[in-house]
Structure formats: structure tokens, C-alpha cells
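Every number in this text was worked out from the coordinates using simple rules, so none of it is lab data. As the structure is a prediction and not an experimental result, all values here were calculated from the model. Cβ: placed from backbone, ideal geometry, glycine included. Neighbour counts: every protein chain shown.
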Amino acid sequence: MRYLPLTPDDRSEMLARIGVAGIDDLFADIPADKRLTALPDLPRTKSEIEVERVLGRLAAKNTPAGSVPFFVGCGAYKHHIPASVDHLIQRSEFLTSYTPYQPEIAQGTLHYLFEFQTQVAMLTGMEVANASMYDGSTATAEAVLMAHRITRKKTAVIAGNLHPHYRETVQTLSRMSEHSFVALSPRPDGAEDILAAIDNETSCVVVQTPDVYGHLHDLRPIAEKAHAAGALLIAVVTEIVSLGLVESPGQMGADIVVAEGQSIGNALSFGGPYVGLFATRQKYVRQMPGRLVGETVDAEGKRGFVLTLSTREQHIRREKATSNICTNSGLCTLAFTIHLSLLGEAGLRRLARINHANAVKLADMLSRVKGVQVLNKTFFNEFTIRVPGDAIDVVHQLAREGVQGGVAAAALDDGPRELRDLIVVAATEVNTEEDRAAYVRALTEVLT
Amino acid sequence: MNRQGRPTAPIEAVSTTPRTFTGNRALRIEEALLFEIGRPEVTGVDLDEPAAFTPRLGNLERTAPIGLPGLSEPETLRHYVRLSRMNYGIDTGVFPLGSCTMKHNPRLNEKMARLPGFGDIHPLQPASTVPGALELIAELSRWLCELTGMPAVALTPKAGAHGELCGMMAIKAALAARGEKRSVVLVPDSAHGTNPATAALLGYRVESIAVRPDGTVDPAEVKKHLSSDVAAIMLTNPNTCGLFERDVSAIAEAVHAAGAYFYADGANFNAIVGKVRPGDLGVDAMHINLHKTFSTPHGGGGPGAGPVVLSAALAPFAPLPYVIADAGGVRLVAHAGDAGKAKPLGRMCAFHGQMGMFVRAMSYMLAHGSDGMRQASEDAVLNANYVRAGLKDLMSLPFGDGPCMHEVLFDDAWLDGTGVSTLDFAKAMIDEGYHPMTVYFPLVVHGAMLIEPTESESKASLDLFVAALRDLALAAKRGETDRFSGAPYYAPRRRLDETRAARSPVLRWVKPSPRSEAAE
């Protein structure tokens, strides 16, 4: 087997050196009646060519985003990733390294994580950010628990237009950790009254902007009401590119900002691995989950970086830790920070403008299709249309016409009937004039 | 001297190393922070400005600058390549980090994960356009169930600790379905910190079980703690001392007799693949770190993937979404309403879990096959015992001289009186070109050194590794403390001041104020 360097002779020599007769003597502690005598009922070893054949056949059955006019979003977005990003993250020293517990030989990882934390803090308008979470949804659930710890209250108010998967993730963790929540109903028209749901029992308010239907929210009045009630505002961003153009949640008064960072540097990959961003105010840093990198000096006085404030973490505090979390999204974090360094402020702003411009064009074109209505007054690169009939059917028929037209709201959120004729449509820099024309043509076809 | 007059042989050895103007040392090049070299107006991505249009942002357009620096493409490459060279990876050398399983990462797996049919598909595309993705998930499930002897697997957890959370949630849900609410979870004191942290996160009180003098858990001790208030035991097997819990069946029986569940921490499953199945040992739930046993890359601390195999008792509570494969083919269950008689505990995260890791793990499994995976476990155990045999006369084994599994645990008793600590010893290993072993874990052993060579090391590599550690051990015993107390001497950084970092945390770059710049 090509991955295993020991030869049969090596093995015999080594067993002799150890002083046992055979390999099974080393497994003697396994109860004899439980030990397997035969190999598992699975295929035997395969060459590279054979593995490529098997997996290539499966991959070929799927329709890649890059192969068709593509308008699917809702928390994962098809963006262009510069070639240098994927080259750099595959460097052995990044790919095959571990959590930087030995900082003297992990300065590469620690250095880029320090830069990542700074970039995330700047982008979200917050004071500090951690070294990342699993993804946006789990970051949101952790933010809610953090707010409970800070406010010493137990009820979260969840905006109705929070991504349904995020809502369910928060609900699952809240239920299981014996906290309560008030989940508001979806308002695809964007006219949600979050303020009315806040009271003195509220520990935090979770609001997504742009929300899952694409509407932008001014967080300032929500922050004001939340703070007056002794609650925190948790802002959720699932399309991080939006912050190139839209006011940051930090500027609008958020106390914790969580986001999905996939859009910058990371492939769609059927939903993971992605990278959760987590930022907050300096005063809450000791209640934060996840890893943090801090600056220090070495024995010669040279600047260097280490993991810090780890007394919050499970390997030190065990059952008293702020979270059970033990990894971050290392390599996805690296992809994010490389892509964002390439973009810089000028590039990010332009990328955001292109996304917005493409969405505006598409919304105007689709709104002219007979029977189609665009629900949004405001949006960034994603908006919601109402179509005559069942939106799940329409999306399937569009796919048959060779256009990935978006996400049927009722397929995403298994709830209210009023979602059944809605499609959430995303546009990014990858879409061309021809793609948009193809969408209009296909939708017209499907609806007639 | 050649014909150009260029010297072609060194003239004489220089005894002291001169300082350099840049602070660089040839291939070891210092690198500034992005914020010190980048500029907001520079970009390494060429994009065309869109034609004029009317924005639909309401009044929410960003007005103030963000402050993000940009780099051109060549500057970007140089920045990150230089940073990469300050890192130690598996491809650099021996990485014997116990409990972390730093085995070879086959590049075929990277190639497979990047096939457009896997890497460039959206989690919310209509299922009819991603049948191959669903088949891959079903196939991975089949392999994991077969290898563990368990009937079901929840694939969505994003890391080992997330898998623990999922498994323990399933236990809590199963108890609730029985109309019971129990408040205690038993955790041996040798466990990973994630175990008690997970239990506490779900509101359980953690009761610690002391390990017996041989490093394993005594069923009699477990029985003393069992009651109708105990929800589960969380037991790592093989355990963090590198030993197989030989009384695991008795522990499982006692736990089940008390109406509790057996959660197994599968962090060390890599030692026993093809040798024994957790399902045959009475396990109710066990997470599998795909980044350990099935070699998806650690990537500097993530992303991981932590699927959880579940017993028949817990399977109905598996989280959404999941894939079902039956005679009718493969289909996705995304909502509770489609789950039939099952009672999903909810959702662990958005979308389908770490698909990129599923592909890599599948590629690893297909390449190894059943025979290769068993061989990998055997070689991992063989290598660890070979290191044990090579070092046991100089270093101290806390639990006696018996075989270990895939990792060998030493304590620091052998360093008594040398003035050298476990940390010093680890740092001196860095100067020898090795990544240190896991140190000070597990907590049940003083000054622990946990060495996991993995199956990826050749005999020659281990021979040199053992010789180097023997040389260091003898130096420590001879009192050559300088080699240790100042180590590492040759790493990109000398020892770093962690106390200072924690006392006044600097967690981000801030633009120096003009005054402080003038003061420099």
C-alpha cells in the first residue's frame, strides 16, 4: 500500500526488537471474543487510477455551478476565487500543520491568524475577532450562548428572516442547553417588527442583514431598543461581500457580529467546510468562544504570536470552559485572509459594487417577466421574487432548462404556506449578460 | 577558483555568525504584517467597474473607509510563502503529536475534493442536480457503519467536539423520549477536555472517574458512580494514555444496566480500524475525527469533520439533514416533516456538513481498502511500540512496561533532579528538527509526553528519531541544561512570552498613532 512505508522485513525486525511474536500480541488488551478475525466487508486497496475512476464517476453526475447560469445563494455563494489562493493554501507547511500549540515553529499560522482577526474586526466594525468558528450557523448559536453568559438572562429573540438553517441551529443548541428563545415568523416582504418582541427578559436579539430574503436592515433602532432592555444585539451576515458596500453592523451598534466567510476565498463544496467569523467588543473578549491569537515577544525581544486567553478553553478549563470548541476553520481561514489581502479595500468595494449592480440588473429583468414580482425595496446581491404557482416546481423546471434559478423559500424553510411561491435569487460577479438573458428566457418558458 | 576568478570552494570556516542588516538568515526571511506592507488603494484582483446604476441599498451604504490593505499578486505570493516557511508540517518531518494523529495527507484526496462535481456544487441546488454528491454521502456512511459495526451515522457535525455535542444531544433526546431527565455524565479524568466541556454545555453535572494505577478505567469504580441520575459515560477508547480499555464490555454492561448510554470518544479509532468494532463493545454513540483516522488535513487547526455513529437506540434522533439509501435509491431528508417515524433532534449546522472532508475521507478509504486500513492500524501500533522499546530504558513509563496502542505515554519521573522539564525537552526536540510530542496531556500523568508516530513513518525515520531522543535524554541526565533551558535556539522564534500575551492582550493590529511613531 503506497501510503505505508514499512516493509514486511521491517515489521518482523520491529516485532523482534519489541519482543513479541506477532502483531496481535500488541492488541492483546482487546477482549478476544470481540476481535475481528476477517477483514471488514469492504473493497480492497485501490490504485490512484482506480480511485479517480470511482470518484470521478460520482462527481460527473453533479451539475457544477460553473457549468450553467447560476443564481443560487441563501448563505453560500458562487464567487470567483483567484488561482493563487488555492495554490497557497495547498503549501505543505499550511496544509499539513497542526493547531499552533508550539508557537516557535508555527509562526506562519499564528501570523496569518492575527492578520485574519484584524481583517474581520475591520470589516465588521468591531474591536476584536477570534480565529474563526466552524461556520456562520454554529457561530450564531455560540453567540447566543455568549450573550446569555454576559447578560445572565436566558431568552433569545430570533428574527423571522434569519436563515432558517441558522434559526434551527440556534434552536437546537438552545433547547438542548436549556435556554429559551422566541422565534419570529418569516416576513418575506421585509416588513418585520423586531422591536415589539424585545422585553426585559430578552438576553439577545439575533438579526440577519442582508436577511435571507435579501432585505437590508438598519440595525440602529434595534440596537437602541435592545440596549435599553439590557440585551445584546447579535448581527448575522451570511454574504460577507456585502460589507464592501453596506454599513458595518459594528457601526450600527451590534455587540456581537457573526458571519459566514465562505464567499471570500472558499469553494461552495456542497456546504462545507466553510469559515465562521466572530467579532465583538473588547469588553466581552473573555466570554468569547474559540481560539484567539495575540501578539507578544520572544526571548530575544522579537515580535511573535501565540494562542492566548486559553483559560477560556476546554483543554484548560474543562467543564467550566466558555465552549467545547477545539478547532477553528484553519485552512478556510487562510483562504479567506489571502483572498481578502488580494482584494484589499479597493478590490472588495469594487467586487461588492459589481455584485450589487448585477443583482439590480437581474431584478429589473425578472420583474418584467409576466407574473413575476420582486419583493425587495432594498437588497445587496440577493432578492426574492414571487412567481405564479409552486416555486419548488419552477426551480426544478428551470434546472431542467439548464438554469439554476435560485432557492425555493419553501424548500429551505419547511413551514409557512405563504412561502410556497417565492424564490430567493442571488447574483454575483460570475454572472454574465448571457446568463441573465438565459434566466429570463427560461423563466418565461417555464411560466407559460 | 574558476576561470572567472570566482572562488568555488569555501576558504575557511568562520567561527562566529555575523549579524545581518535585514535580520534575515538566508532562507529564513522575516515577514512584516500585512498592515505594514499593504496599501488600501492596491488590489491583486482586476475587476471592471460596473456601469452607472441606481443602488438599492436604502440609506445603508458604507461611507467611512474600512482600512483594509491590499497586495498585488506577487506581493501576496511572497507574503504567504514566507509565512509558510515558519511552519512545521507533516511533510517537513516527524510530527509525533499524541492524540492528534498527524499521518500522511495523500494529495490524491485534495485532487478529488477539487473535482468541480464536488467542489463547485451548491448545498441548495435541486437534489436532482447533485445525485453523485448524495451517493458519495451514502457510500461514506456505509463504510463508516461497516468499520464501526454501528447501524447509523450522523454526518453533519463539523469537528470532533461538534460530534461529541451531537452524540450527547442524541442521548439527551433519547432520555427525554423515555420521559426521563438525568443530570450526571461520568467522565474519566484522563479524558480530553472537550468531553466535560460538552457535557457541561448541555447542562449536565460532570462526575470525574479516577483511572486505576494501570491507566485504565475500573468497572467497579464506574459502578460506584452509576445511578438512575446518570445519563451517560463518555469514555475514550483506546484511551488517552495509549491503552485499550480492556474492561470496556463490562463497563458498557454496567452503564446499560443503569439505563444510561455509552458515549465513546473516537479520537483514537485509528488504532483499531479492522481489528475490533465499537459496535461490538456496547457503544451507543461515537464520533470519528475524519481529520485523524481518515487523514483529511489538519490545516493548521481545521477544518475538521466529526461524523457520529449511532446505535439503534439513538439512530432515530440523528440530526437533520441526512441521506437515506434504500431500494428506491438515494434521497435527502432535510425537514422533520419528511423524517417519518424518526425524531430528529434538530439541526447541528447549516447545509450538509463538511462535504469537502467527506470526499477526502472517501478517497482515503477507497485507496486503502479494508486490507490497507487494517494494515495502517497495525503499523501505527507497531510504530508506537517500536518507539516505546527504543526509549523505555531511559524514559519512564507511568503504567508499566506493557504494549501500548498507537501512542506511547511517558511521564517526567526520569527527569527528576536534572533541572530539565517536559517543556524544555519538547523545545530541544524542535532544535533537532522534530515537532514535539503532546506534552502535559493527559492530566493523569505528571509532565506527560505522549508520542504518536503514526503509520506514516518508515523504520529508518523512527530509528533516527529514537536515536535523537536518546541523545537528548542522555544529555539531560548528564546535566547539560543549556541545551534545554534556552531551546529552541534554531527555530524562527525563541521561546515566546505567553504570560505577557495573556496579561495585556493585543489581539489585532492597530494603526500606530503619529506620536508613538515619532517616539520610535
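Could you work out how far apart the two model spin labels at B:E146 and B:K341 are, taking each label as a point 7 Å from the Cα in the direction of the beta carbon, and quote it in nm?
Placing both labels 7 Å beyond Cα along the Cβ direction yields 2.7 nm.
In terms of the Cα gyration tensor, with a ≥ b ≥ c the square roots of its eigenvalues, is the stretch A:304-346 rounded because a/c is under 1.5, prolate because a/b exceeds b/c, or oblate?
Working: a/c = 3.58, a/b = 2.59, b/c = 1.38.
Prolate shape, in that a/c is at least 1.5 and a/b is the bigger ratio.
Please give the charge dipole size of the stretch A:280-437, origin at the Cα centre, charges +1 on K and R Cβ atoms and -1 on D and E Cβ atoms. Round to the nearest 20 debye.
Numbers: 22 positive and 19 negative charges, 158 e Å.
The calculation lands at about 760 debye.
I'd like the antiparallel share, as a percent to the nearest 5, of DSSP beta bridges with both residues in chain A. Mind dumping the intermediate values first?
Working: 22 of 40 bridges.
So the antiparallel bridges in chain A amount to around 55 percent.
I'd like the FRET efficiency for B:D326 and A:D390, computed as 1/(1 + (r/R0)^6) with the beta carbon distance as r and R0 of 30 Å, rounded to 0.05. Display every interim value, and only then the final one.
Numbers: r = 27 Å, r/R0 = 0.89.
Given R0 = 30 Å and the Cβ-Cβ separation, E is 0.65.
What does the highest-first list of A:355-361, B:460-466 look like by mean Cβ count within 10 Å? Intermediate values should be presented prior to the final figure.
Numbers: A:355-361: 22.9, B:460-466: 17.6.
With the highest mean Cβ count within 10 Å placed first, the list reads A:355-361, B:460-466.
If a/c stays under 1.5 just call it rounded; otherwise compare a/b with b/c (prolate if a/b is bigger, oblate if not). Do that for the stretch A:356-437, with a ≥ b ≥ c from the square roots of the Cα gyration tensor eigenvalues.
In terms of gyration-tensor shape, prolate.
Using a Förster radius of 25 Å, what is the FRET efficiency between B:H446 and B:S183 based on their Cβ-Cβ separation? Nearest 0.05, please. Write out the running numbers ahead of the final one.
Numbers: r = 33 Å, r/R0 = 1.30.
Efficiency, from the Cβ-Cβ distance: 0.15.
For the stretch A:271-416, what percent of Cα pairs sit more than 25 Å apart? Numbers along the way, then the final one.
Working: 6048 of 10585 pairs.
Across the stretch A:271-416, Cα pairs with separations above 25 Å total 57 percent.
For the stretch A:316-385, taking Cα atoms only, what is the radius of gyration to one decimal and the Dmax to the nearest whole Å?
20.1, 62
Could you sort the peptides B:304-313, B:367-376, B:501-510 by per-residue average Cβ neighbour count (10 Å cutoff), highest mean leading? Each step should come with its number before you reach the end.
On the way: B:304-313: 26.4, B:367-376: 22.6, B:501-510: 17.5.
Result, highest mean first: B:304-313, B:367-376, B:501-510.
If I model a spin label as a point 7 Å beyond the Cα along the Cα-Cβ vector, how far apart are those points for A:K302 and B:E49 in nm?
4.4
With r as the distance between the Cβ atoms of A:H80 and B:E36 and R0 = 25 Å, compute the FRET efficiency 1/(1 + (r/R0)^6) and round to 0.05.
0.35
Taking the dipole about the Cα centre of the protein assembly as shown, with the C-beta of Lys and Arg at +1 and of Asp and Glu at -1, give me whichever of B:A476, B:L33, B:L68 is farthest to the positive side.
B:L68
Distance between Cα centroids, the stretch B:211-283 to the stretch B:425-447: provide it in whole Å.
So the two Cα centres are separated by 27 Å.
Restrict the search to the stretch B:370-470; then list the GluC sites (Glu not before Pro) that DSSP places in a loop and that have at most 16 other Cβ atoms within 10 Å of their Cβ. The partial results should precede the final answer.
Numbers: sites: B:E378, B:E407, B:E432, B:E455, B:E457; in loops: B:E407, B:E432, B:E455, B:E457.
Answer in residue order: no site qualifies.
Per residue of A:160-168, how many C-beta atoms from partner chains lie within 10 Å of its own C-beta, taken as a mean? Could you put the intermediate results ahead of the total?
Values: counts 0, 0, 0, 1, 3, 9, 3, 1, 9.
Per-residue shielding by partner chains comes out at 3.
Using helices alone, I'd like the mean residue ellipticity at 222 nm for chain B: each DSSP H run of four-plus residues gives -39500 (n - 2.57), total over residue count, nearest 500.
Numbers: 15 runs with 171 residues, N = 520.
Counting only the DSSP helices, I get -10000 deg cm²/dmol.
Across peptide B:134-142, how many C-beta atoms of other chains are within 10 Å of each residue C-beta, on average? Write out the running numbers ahead of the final one.
On the way: counts 4, 4, 7, 1, 0, 3, 0, 0, 1.
Mean inter-chain Cβ contacts per residue within 10 Å come to 2.
If each of A:E48 and B:D463 carries a label point 7 Å out from its Cα toward its Cβ, how far apart are those two points in nm?
About 2.8 nm separates the two model spin labels.
Between B:R246 and B:K511, what length comes free when the chain is fully extended (0.36 nm per residue of separation minus the Cα-Cα distance, one decimal in nm)? Please report the intermediate quantities before stating the final value.
Working: separation 265, 0.36 × 265 = 95.40 nm, distance 5.82 nm.
Stretched out fully, the B:R246 to B:K511 stretch lengthens by 89.6 nm.
Where the centre of each part is set by its Cα atoms, how far does the stretch A:339-357 sit from the stretch B:63-120, in angstrom?
Cα centroid of the stretch A:339-357 versus Cα centroid of the stretch B:63-120: 22 Å apart.
In terms of the Cα gyration tensor, with a ≥ b ≥ c the square roots of its eigenvalues, is the stretch B:169-266 rounded because a/c is under 1.5, prolate because a/b exceeds b/c, or oblate? If you can, show how the numbers build up before the last one.
Working: a/c = 1.92, a/b = 1.47, b/c = 1.30.
Because a/c hits 1.5 or more and a/b exceeds b/c, the stretch B:169-266 counts as prolate.
Taking each full run of DSSP H in chain B as one helix, which ones are at least 24 Å long along their axis (Cα atoms) and have mean Kyte-Doolittle hydropathy of at least 0.0?
Working: long enough: B:131-148 (26 Å, 0.57); B:160-177 (25 Å, 0.97); B:355-391 (41 Å, 0.08); B:459-478 (28 Å, 0.61).
What comes out of the filter, once short or polar helices are dropped, is B:131-148, B:160-177, B:355-391, B:459-478.
Starting with the fewest neighbours, write out A:R312, A:R303, A:R400 ranked by other beta-carbon atoms found within 10 Å of each beta-carbon. Don't skip to the end; give the middle numbers.
Details: A:R312 21, A:R303 16, A:R400 12.
Ordered by Cβ neighbours within 10 Å, fewest first: A:R400, A:R303, A:R312.
In chain A, which longest range has no GluC sites (Glu not before Pro) that are both DSSP loop (not H, G, I, E or B) and surrounded by at most 12 other Cβ atoms within 10 Å?
Working: sites that count: A:E178, A:E300.
Counting at most 12 other Cβ atoms within 10 Å as exposed, the longest clean stretch of chain A is A:1-177.
Please report, in debye to the nearest 20, how large the charge dipole of the stretch A:312-366 is about its Cα centre when each Lys and Arg carries +1 at its beta carbon and each Asp and Glu carries -1 there. All intermediate terms of the calculation are to be shown ahead of the outcome.
Values: 8 positive and 4 negative charges, 27 e Å.
Here the size comes out at about 120 debye.
Hey, got the average number of other protein chain Cβ atoms within 10 angstrom for residues in A:257-265?
Details: counts 0, 0, 0, 1, 0, 0, 0, 0, 0.
For this peptide, the per-residue mean of nearby foreign Cβ atoms is 0.
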